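See below for the structure under consideration.
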């Protein structure tokens, strides 16, 4: 059995500015973002990770580093953080780095959260949900096959990890955003025995932060 720990990055400066925070922009963690990542690290400090994977974007790498800092097994084994492009956040093309409110009246804006199977970002050179899910699932098939009895840490982004984990659990694309995004610095745990079928053991857990640093005060369509 492979056990997969998914952690979303901590709150970033672009998040707080309510700008589109996709796969083409980098942003520093805020003080709350750093605190959230540290809290996740404390919650996972006794977990022995056999491999660690992260999106290559700055906010995810910083979160992965903070999560690993207090880990007692990491101090002994020194697992490298393996950067993988498949974990990069969903690309929203020309929208990225701009205020979310600038696009509130665009016909595709509501579809982003309310009808993801109909979301068409081709006009602004973005990525579809189907493309995002496909690259994420392909990544998971490979790493779980390579670690059939391992425990993996996977650090990434709100939309990417939400779509990936729900797809792995069999949620249809039309319903993939029904419950909003995974919270910042949240922990989600899935298990698989065959790299195809997954069971959820822990979902969007931020109980270790008591609501302080997880960004849960933001609505999902305001907080890319």
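Some values worked out for this structure:
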read-out	value
10 Å-binned pair-distance histogram of the chain (Cα, whole percent)	9, 37, 38, 15, 2, 0
The chain, helix-only ellipticity at 222 nm - DSSP H runs n ≥ 4, -39,500 (n - 2.57), divided by all residues, nearest 500	-8500 deg cm²/dmol
Acute angle (nearest 10 degrees) that the helix 158-168 long axis makes with the longest principal axis of the chain, alpha-carbon atoms	70
For the range 150-185 versus the range 59-96, the gap between their alpha-carbon centres in whole angstrom	16
Helix axis angle, 58-68 relative to the chain longest principal axis, alpha carbon, degrees	30
Label-to-label distance, nm, for residues given as residue 134 and residue 201 (7 Å Cα→Cβ offset)	3.2
Relative contact order computed over the chain (Cα-Cα under 8 Å; 6+ residues apart), in percent	32
Helix 129-146 vs. the chain, principal-axis angle (Cα, 0 to 90°, nearest 10)	10
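We did not get these values from a lab; they are worked out from the coordinates using the rules stated. Fair warning: this is a prediction, and the values are worked out from it, not measured in the lab. Note: ideal-geometry Cβ built from the backbone for every residue, glycine included; neighbour counts use all protein chains shown.
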